[in-house]
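Asks: A single structure is presented below for examination.
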Amino acid sequence: MFPLSTYFEKIVPFFTCGPYICTIYYFAIMPRDSSIQSVLIIGSGPIIIGQACEFDYSGTQAARSLREEGIKVILINSNPATIMTDPMMADKVYLLPLTVESIEKILDENQIDAVLPTMGGQTALNLCKEADEMGVWNKYNCRLIGVDIAAIDTAEDREKFRQLMVKIGMAVAPSRVANSFLEGKEFAQEIGFPLVIRPSFTLGGTGGGFVHSKDDLDAALDRGLKASPIHEVLVEKAVLGWKEYELELLRDCNDNVVIICTVENLDPMGVHTGDSITVAPAMTLSDTAYQEMRNKATLMMRSLGNFTGGCNVQFAQNPENEELIAVEINPRVSRSSALASKATGYPIAKIAAKLAIGYSLDELKNQITKTTSAFFEPALDYVIVKVPRWNFDKFKGANDTLGLQMKSVGEVMAIGRSFTEAIQKACQSLENEAIGLGYYGKSLMKSEEIVEYIKTPKWDRIFRIKDALMQGSTVKSIAHATGIDRWFLYQIQQICHIEKEMSQYSLDTIPDALLKEAKKNGFSDLQIVRIMNNTCTEDEVYEKRKTLGITRIYKMVDTCSAEFEAKTPYFYSSFEG
């Protein structure tokens, strides 16, 4: 047994005295790992559907974070059209193909102490694993930080992940792993339809899909096995219609875990989370379900091993009884991490990089308050809505039905004081002629036709849901057709009620209170013009509300909900007053 001073630079005693006993606690002060003087960051390569600019965002944060500590940063990325490859971001930038040969070249030319692969998405993790299998890291005495090979293997190999979840008592959907076409067919017969085919070691759901009958099975298995770099798929029972949630976590060297953000998918299971409208914080979770989800996410992250950094955990929840199953875990920053960073104001990638070099959360200064530590969980007093953006018009003949394989080419994020305000602001930002939640004058379908149409998830489903409610469809019928939680549908119905009421007035006769209510719920001036049948102009609406004092105010993205003073210059507009 070695003395504690062998492991810790300093042991600090802390005394507490109760009425009968005096207790001494010892807190270990863990400085950053001084043996790490140079770090290789692996980028994500070309911007493709399923892996886009969010990893540039994370990689840039990480590079700056490490250089703040005096660490030399070497970066490899094959894509020059990124901010991270700007010469100011790293000490040395290599624009090389993301291959093991390129990694060896860099390691041979530079003295590199550690490699950080968690900022480059699935591409970086797969490359890191391939280099490890070829003995590259050992050859050049370079160690992994932010994650370890065992965690990558467990999280990305579908069978290892399933076995780990069973071991720690986490429920998973009935499933079997297949490494051949015949195995897949045999397991499909055992489990029964509908099924999900999930290839191992892929990003954005590549190669995955739903199988509703025997007729579709052969093609789905063939596609999935070919997409997986290890020729492996998970044949899993589909939990279609269940609610989907994501949690963003950070973990430090002392095994402290914080939940940075809980994100709820508006669309139920069956739509890839990158193609789903998502909302933060989660809106329809009961407190007991939320606490259970937090505890299980923490358990899952700790069960992966002793790595430090960021992690993304996905759950499915049965809306009938709140039964929870684990869907997957990503031991890296993800597309959702970039969204969560912007949504909360908490710089996940920046803090994750510092945790990877040995800091603990309580040692790092909070970037939000500048006074407290980074060891806290954000509390939001606003609503974030992310809406994906598609370009199906540029891909003639592409199937616009949404499923397990991500198809969006980007996304918009809106902040509001309510869901109604945020969803309308997001729709206004899509650059697809939407001026809020509605394509005014474009819907030619009748109510029954729309309800039938929205049973299949497509890019415009949110707009068609609003059309159906405007035409008198019930929330119950739409919830049954889509599986979307009724809370969200009632919020959209509220938008419809305001719109119907406004349509009865002109700009001269509309009550002041109604105009103010419309602006608070995210209606744009142009939207109001359309609702009033173009009997006024945008400028006239603006002048009208200006005289009534209905003008924008700017609120701070306050990660601490005013418990501590926030210092971040990050604001959003609202009409709340």
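Asks: I need a count of the residues in region 228-256 that are out of contact with any Phe, Trp or Tyr (no Cβ under 6 Å at 6 or more places or on another chain), closer than 30 Å to residue 478 by Cα and part of a strand (DSSP E or B).
Replies: The qualifying residues number 6.
Asks: Quick check, is residue 225 touching a helix residue (DSSP H, G or I) at 6+ places or on another chain (Cβ under 8 Å), over 30 Å from residue 376 (Cβ atoms), not in a strand (DSSP E or B) and not charged (D, E, K, R)?
Replies: The answer is yes for residue 225.
Asks: List the residue pairs whose Cβ atoms are under 8 Å apart, where the first residue sits in region 491-509 and is farther than 14 Å from residue 423 by Cβ, the second is among the basic types (Lys, Arg), and the two are 6 or more positions apart or on different chains.
Replies: Hits for this filter: 507/544.
Asks: On to the next question. Given the criteria touching a helix residue (DSSP H, G or I) at 6+ places or on another chain (Cβ under 9 Å), exposed (fewer than 15 other Cβ atoms within 10 Å of the Cβ), among the hydrophobic types (A, V, I, L, M, F, W, C) and touching a residue at least 24 places away in the same chain (Cβ under 8 Å), does residue 178 qualify?
Replies: Criteria not met by residue 178.
Asks: Which one of the conditions (1) in the same structural domain as residue 261 (by TED's automatic domain parsing); (2) in a helix (DSSP H, G or I) does residue 160 fail to meet, given that it meets all the rest?
Replies: (1)
Asks: Let me ask you something else. Out of (1) surrounded by fewer than 18 Cβ atoms within 10 Å (Cβ to Cβ); (2) out of contact with any strand residue (DSSP E or B) (no Cβ under 7 Å at 6 or more places or on another chain), the odd one out for residue 284 is which?
Replies: Every condition holds for residue 284 apart from (2).
Asks: Being modelled with pLDDT of 95 or more and either part of a helix (DSSP H, G or I) or surrounded by fewer than 24 Cβ atoms within 10 Å (Cβ to Cβ) (or both) narrows it down to one residue among 296, 350, 342; which is it?
Replies: Among 296, 350, 342, only 296 is modelled with pLDDT of 95 or more and either part of a helix (DSSP H, G or I) or surrounded by fewer than 24 Cβ atoms within 10 Å (Cβ to Cβ) (or both).
Asks: In region 422-466, how many are assigned to a helix (DSSP H, G or I), modelled with pLDDT under 90 and surrounded by 22 or more Cβ atoms within 10 Å (Cβ to Cβ)?
Replies: Residues that pass the stated criteria total 0.
Asks: Count, please, the residues in region 329-385 that happen to be in contact with an Asp or Glu (Cβ under 6 Å, 6 or more places away or on another chain) and of a type outside the set (D, E, K, R).
Replies: Matching residues across region 329-385 total 11.
Asks: Would you point out which residue out of 567, 520 is buried (at least 17 other Cβ atoms within 10 Å of the Cβ) and either among the basic types (Lys, Arg) or assigned by TED's automatic domain parsing to the domain that holds residue 345 (or both)?
Replies: Checking each option against the conditions leaves just 520.
The values are calculated or read from the model by the stated rules, or taken from the named source; none is laboratory data. Note that the structure is a prediction, hence the values are computed from the model and not measured. Every residue, glycine among them, receives a Cβ derived from its backbone with ideal geometry; neighbour counts consider all protein chains shown.
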